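Engineer: Quick one: this structure, given as structure tokens, is what I'll be asking you about.
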Amino acid sequence: MYPADFDYVRATSAQEAVDLLAQNADSVLLAGGHSLIPMLKLRLTHPARLIDIGRVDEIRGVCEKDSTLRVGSLTTHNEIASSEIVQSQCRFLAEAAGKIGDPQVRNKGTIGGNIAHADPASDLPAVLVAVGATVHLLGPDGNRSIAAGDFFTGLLTTAKAPGEIITEIEIPACCEEGFGCAYLKVEHPASGYAVCGAAARVKMDGGTCAAASLAFNGVTPVVFNAWSDGSPLAGGPADDAAIDAAIDELAIDEPMGDIHASGEYRVALARAYGKRALKAARDRS
Amino acid sequence: MGVRINLEVNGESYEREVEPRQLLVYFLREELGLTGTNVGCETSLCGACTILVDGQAIKACTQLAVQADGSSITTIEGLATNGDYHPLQQAFWDCHGLQCGFCTPGMIMAAADLLQRDSSPSETEVRQALKGNLCRCTGYHNIVRSVMTAAEGGS
Ligand SMILES: Cc1cc2nc3c(=O)[nH]c(=O)nc-3n(C[C@H](O)[C@H](O)[C@H](O)COP(=O)(O)OP(=O)(O)OC[C@H]3O[C@@H](n4cnc5c(N)ncnc54)[C@H](O)[C@@H]3O)c2cc1C
Ligand code: FES
Ligand code: FES
């Protein structure tokens, strides 16, 4: 299985990658290659040129600044899962990254490639939506930012323009006093991709829930943000009965169904794992 | 259009011109003649093609040779020193960690990545580290035993 022929060029900075993209419209960025190379091999895509950003160190790594986490787009799943900053500041992102595929995949795949590819069975989108992350992009007209909730627009489709590169993902410090979060996943036994992944974040103030967010991977063609207009748990006790009731009332329309799992089954998984993820997040708060 | 790459494989430097679309595993096997690294699924699922690139286990069927320019690579051929088996190779022999042997180079390279990070892993950690490697013969028990034995007797 060989990809069709293409030209190859290596970018040394994010700006150079943008300039190279502008030169030739039939170019695509290559990061870890763990979504792109399989697509090239299957000849589902055949760009004239690959622009390898794999060595652009300025967009790689995790740091903490002004109580936000900044994750470079080229940071690998393994680097995220094993980062002490991510583990302590955004535990469910570390959990989700650590559940991707297998160790070899996590050594190559990057967060930028994962969200740019926007596979509905990916693990990172729901976490980024639930935590309220911001995606930073660089394009021919300079920098721009998009809320994660607006970034994923459809199956394998995002709000990123073709000439743009994702530089960084900004995440509000999530594990502060009172906050708890959890990512739970039912994985496909062969590929490891999410059949259903539930990302939950809960803020408790004494015995009262101050806020809660919940998003799912793998259930609908684009990451499903359960409570974009505010959680029904807010203002209540967020005990098991309240969580069960809130999830039982949740409408999950137009789920995906395929040979691995029917839409009905995915919704049933989402309800079960949504409840468990919320309870785990509450217990960690 | 060929691209010139420089890389180190098992301690030896190579300079070659490659087609950008050439997969790293075929570069190793066909260009350098290092056929110890196997190709099973070719779709990043079986792990037979696992090698270390700059110390990290990766699947060489899902990396382009051009991406490895400037890298240092270790394949199964690079593990033995002066004719002595690496502790993992010896343990796979001693514990019957292989039957047909097709998965073995990949299993050993994935285990080598684990043991260099954690010299005394638990059985669960060994199984997690080998999650990306399939074996159709052994049923895995002896593979896990081999890795545990290599860790205990370790280098
Ligand atoms: C066997 C296997 C199992 C997997 N299992 C899982 C799993 O369980 N969960 C999961 O979430 N994922 C899984 N993946 C996918 C994996 O996480 C991919 O690595 C990831 O989706 C893509 O990241 P990448 O760096 O490899 O991107 P690439 O393959 O290099 O690129 C993918 C796409 O993103 C674009 N792109 C890359 N970086 C940028 C950037 N900085 N800015 C703009 N565009 C960019 C590319 O142009 C391309 O279109 C699996 C993959 C494999 C091969
Ligand atoms: S041949 Fe590379 S993973 Fe199977
Ligand atoms: S020994 Fe035959 S595939 Fe593992």
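The values are calculated or read from the model by the stated rules, or taken from the named source; none is laboratory data. Bear in mind that the values here come from a model prediction, so they are computed numbers and not experimental data. Reconstructed Cβ throughout: ideal geometry from the backbone, glycine too, with neighbour counts over all protein chains shown. Ligands, DNA and RNA are stripped out before the accessible areas are found, and what is left, the full protein with its side chains, is counted by its heavy atoms. Shrake-Rupley method; radii C 1.70, N 1.55, O 1.52, S 1.80 Å.
Engineer: Run through the range A:111-191 and list the GluC sites (Glu not before Pro) located in a DSSP loop whose Cβ has at most 16 other Cβ atoms within 10 Å. Don't skip to the end; give the middle numbers.
Structural biologist: Details: sites: A:Glu164, A:Glu168, A:Glu170, A:Glu176, A:Glu177, A:Glu187; in loops: A:Glu164, A:Glu176, A:Glu177.
Qualifying residues, ordered by number: A:Glu176, A:Glu177.
Engineer: Across the Cα atoms of the range B:87-152, what radius of gyration and what greatest pairwise Cα-Cα distance (Dmax) are found, in Å?
Structural biologist: 10.2, 28
Engineer: Additional query: At a Förster radius of 35 Å, what calculated FRET efficiency corresponds to the Cβ-Cβ distance of A:His188 and B:Arg4, to the nearest 0.05?
Structural biologist: Result of the calculation: an efficiency of 0.30.
Engineer: Let me ask another. Can you give the helix-only mean residue ellipticity at 222 nm for chain A, where every DSSP H stretch with n ≥ 4 adds -39500 (n - 2.57) and the sum goes over all residues, rounded to the nearest 500 deg cm²/dmol?
Structural biologist: On the way: 11 runs with 91 residues, N = 285.
Value at 222 nm, helices only: -8500 deg cm²/dmol.
Engineer: Let me ask something additional. Rg and Dmax of the range A:7-52 over Cα atoms: what are they, in angstrom?
Structural biologist: 10.4, 30
Engineer: Points 7 angstrom from Cα along the Cβ direction at A:Leu44 and A:Asp57: gap in nanometres?
Structural biologist: A separation of 3.4 nm, rounded to one decimal place.
Engineer: In addition: Go ahead and collect, in residue order, the members of the range A:41-56 whose backbone nitrogen is under 19 Å from a label point 7 Å along the Cα-Cβ direction of A:Asp5.
Structural biologist: A:41-51
Engineer: Once both labels are modelled 7 Å past Cα along the beta-carbon direction, what's the A:Thr208-A:Ser262 spacing in nm?
Structural biologist: For A:Thr208 paired with A:Ser262, the spin-label model returns 4.4 nm.
Engineer: Any chance you could look up the accessible area of B:His141 with a 1.4 Å probe, heavy atoms only, rounded to 10 Å²?
Structural biologist: Rounded to the nearest 10, that gives 120 Å².
Engineer: Moving to a separate point now. Any chance you could check the Cα centroid distance between the range A:255-285 and the range B:43-70 for me, in angstrom?
Structural biologist: One Cα centre to the other: 33 Å.
Engineer: Is any residue of the range A:138-166 close enough, with backbone N under 17 Å, to a label point placed 7 angstrom from the Cα of A:Gln15 along the Cα-Cβ axis, and if so, which?
Structural biologist: A:138-144, A:164-166
Engineer: With every protein chain left in place, what is the accessible area of A:Thr45 in Å² (1.4 Å probe, nearest 10)?
Structural biologist: 40 Å²
Engineer: Quick check on chain B: helices-only [θ] at 222 nm, where DSSP H runs of length 4 and up contribute -39,500 (n - 2.57) each and the sum goes over total residues. Nearest 500, please. Could the numbers behind the result be given before it?
Structural biologist: On the way: 4 runs with 41 residues, N = 155.
The helix-only estimate for chain B comes to -8000 deg cm²/dmol at 222 nm.
Engineer: Could you work out the mean count of beta carbons from other protein chains within 10 Å of each residue's beta carbon in B:59-69?
Structural biologist: Details: counts 8, 1, 4, 12, 7, 11, 0, 7, 11, 1, 5.
That works out to 6 on average.
Engineer: Nearest 5 percent is fine: what portion of the DSSP beta bridges confined to the range A:1-157 is antiparallel?
Structural biologist: On the way: 12 of 20 bridges.
Percent antiparallel among DSSP bridges in the range A:1-157 is about 60.
Engineer: Remind me, relative contact order of the range A:179-284 in percent, using alpha carbon pairs under 8 angstrom and six or more residues apart? Provide the component values of the computation, followed by the final result.
Structural biologist: Values: 211 pairs, mean separation 35.3, N = 106.
Across the range A:179-284, relative contact order equals 33 percent.
Engineer: If you don't mind, there's one more thing I want to ask. Go through B:Leu130, B:Thr74, A:Val9 and say which Cα lies farthest out towards the positive end of the charge dipole of the protein assembly as shown; charges sit on Cβ, +1 for Lys and Arg, -1 for Asp and Glu.
Structural biologist: B:Leu130
Engineer: A further question follows. Over all directions, how big on average is the projection of the convex hull of the alpha-carbon atoms in the range A:57-172, in square nanometres? Working shown, then result.
Structural biologist: Details: hull surface 26.7 nm².
Mean projected area for the range A:57-172: 6.7 nm², to one decimal.
Engineer: Moving on. Mean separation of Cα pairs under 8 Å and 6+ residues apart, divided by the residue count of chain B: what relative contact order is that in percent? Spell out each step's value before the answer.
Structural biologist: Numbers: 286 pairs, mean separation 37.1, N = 155.
The value is 24 percent.
Engineer: Rg/Rh for the range B:3-78 to two decimals, with Rh computed the Kirkwood way over all alpha-carbon pairs. Can you show the working numbers first?
Structural biologist: Values: Rg = 11.0 Å, Rh = 12.0 Å.
My calculation of the ratio gives 0.91.
Engineer: Average partner chain C-beta neighbours within 10 Å, per residue of B:9-21? Don't jump to the answer; show the numbers that get you there.
Structural biologist: On the way: counts 0, 0, 0, 0, 0, 0, 0, 0, 0, 1, 5, 10, 11.
So the per-residue partner count for this stretch is 2.
Engineer: With every protein chain left in place, what is the accessible area of A:Lys279 in Å² (1.4 Å probe, nearest 10)?
Structural biologist: It works out to around 40 Å².
Engineer: Something else about it: Pull up the cross-link candidates among the lysines for A:Lys185, meaning alpha carbon to alpha carbon under 29 Å and not fewer than 8 places away within one chain.
Structural biologist: In chain and number order, the partners are A:Lys41, A:Lys99, A:Lys108, A:Lys160, A:Lys203, A:Lys275, A:Lys279, B:Lys59, B:Lys131.
Engineer: Given Cα pairs under 8 Å that are at least 6 residues apart, what percent is the relative contact order of the range B:3-78? The partial results should precede the final answer.
Structural biologist: On the way: 150 pairs, mean separation 30.6, N = 76.
Here the relative contact order equals 40 percent.
Engineer: Now for a separate question. Go through A:230-238, A:189-197 and give me the packing order, highest mean Cβ count within 10 Å leading.
Structural biologist: Working: A:230-238: 17.9, A:189-197: 19.8.
By packing density, highest mean first, the sequence is A:189-197, A:230-238.
Engineer: Run a plain Debye calculation on the range A:207-285 (Cα atoms as equal point scatterers, no solvent) and give log10 I(q)/I(0) at q = 0.11, 0.15, 0.17 Å⁻¹, rounded to two decimals, same order as the q list.
Structural biologist: For the requested q values the scattering log ratios are -0.28, -0.51, -0.64.
Engineer: Could you tell me the center-to-center distance, by alpha carbons, between the range A:147-195 and the range B:84-146 in angstrom?
Structural biologist: 33 Å
Engineer: Give the ranking of A:Asp123, A:Asp150, A:Asp258 by solvent-accessible surface, highest area first, calculated with a 1.4 Å probe. Before the final figure, lay out the partial values.
Structural biologist: Details: A:Asp123 5, A:Asp150 100, A:Asp258 80 Å².
Listed by decreasing accessible area, they come as A:Asp150, A:Asp258, A:Asp123.
Engineer: Over all residues in A:42-49, what is the mean tally of Cβ atoms on other chains that come within 10 Å of each residue's Cβ? If you can, show how the numbers build up before the last one.
Structural biologist: On the way: counts 1, 0, 0, 0, 0, 0, 0, 1.
Per-residue shielding by partner chains comes out at 0.
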